[in-house]
Amino acid sequence: MTEILKALHIAAIAVWSAGLLSLPALYVQRRHVRHDDDLHRLQRMVRFSYIALVSPMAFVGIASGTALIFVQTAVQPWFAAKMAFVAALAFVHVLTGLVVVRLFREDGVYPAWRFVAVTAATAFLIAAILWLVLAKPVIPQAADMFRPGALSGLLRPFNPWATP
């Protein structure tokens, strides 16, 4: 059962991530569309992609990931960091939905710099999530971070000067 849930989770996250990476490329095409028929076709394609593909896969990915939390009881510090990046990815998803609504107004444009920025930010979030899941780095427990002198221990590798 756990393997099926993991496979569903991975597949849903893969489609969700691919959708979030590809939608800004569709948004940029808005600038080049001149005819009403082409504009309506592009709008239908973008809305279908967001509403029928990307959003349901986001729901399935988050729901299956939540179920995996209870099945596997993941309580490691790297997992908390992963959840923060997933929350950021969900925020990008919501902002993407707002773009879908506003882009196809008469004066709607999507500048190329925004395409680059959103695609780079989304790729960074996806890469960070993948790295956390695959590497499972050792992150100090939160309780260890609040003991006296913990900050100096965390920063010692980055400090070029000798400390007493």
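Using mean Cβ contacts within 10 Å as the protection proxy, how do 126-136, 147-157 order, highest first? Each step should come with its number before you reach the end.
Values: 126-136: 14.9, 147-157: 9.5.
The packing order, highest mean first, is 126-136, 147-157.
Note on Met1 and Asp38: the extension gain reaches 8.7 nm, defined as 0.36 nm multiplied by sequence separation minus the Cα-Cα distance.
Averaged over residues, the count of other Cβ atoms within 10 Å places the peptides 34-43, 6-15 in the sequence 6-15, 34-43, highest first. Across all directions, the average flat footprint of the convex hull enclosing the Cα atoms of the range 2-139 is 8.5 nm². Only helices enter the 222 nm calculation for the chain: every DSSP H run of n ≥ 4 contributes -39,500 (n - 2.57), and dividing by all residues gives -24500 deg cm²/dmol, rounded to 500. Size descriptors for the range 1-43, from the alpha-carbon set: Rg then Dmax equal 16.5, 51 Å. Overall, the chain carries a charge dipole of about 140 debye about its Cα centre when +1 sits on the Cβ of Lys and Arg and -1 on the Cβ of Asp and Glu, all other atoms neutral. How tilted is helix 55-72 with respect to the longest principal axis of the chain? Cα atoms for both, answer in degrees (0 to 90, nearest 10). The two axes meet at around 20 degrees.
Pulled fully out, how much extra length does the chain show between Leu130 and Val94, if you take 0.36 nm times their separation in residues and subtract their Cα-Cα distance?
10.9 nm
No lab work stands behind these numbers, since they all come straight from the coordinates. Owing to the predicted nature of the structure, the values given are computational and were not obtained by experimental measurement. No Cβ is skipped: glycine too gets one built from the backbone with ideal geometry, and neighbour counts run over all protein chains shown.
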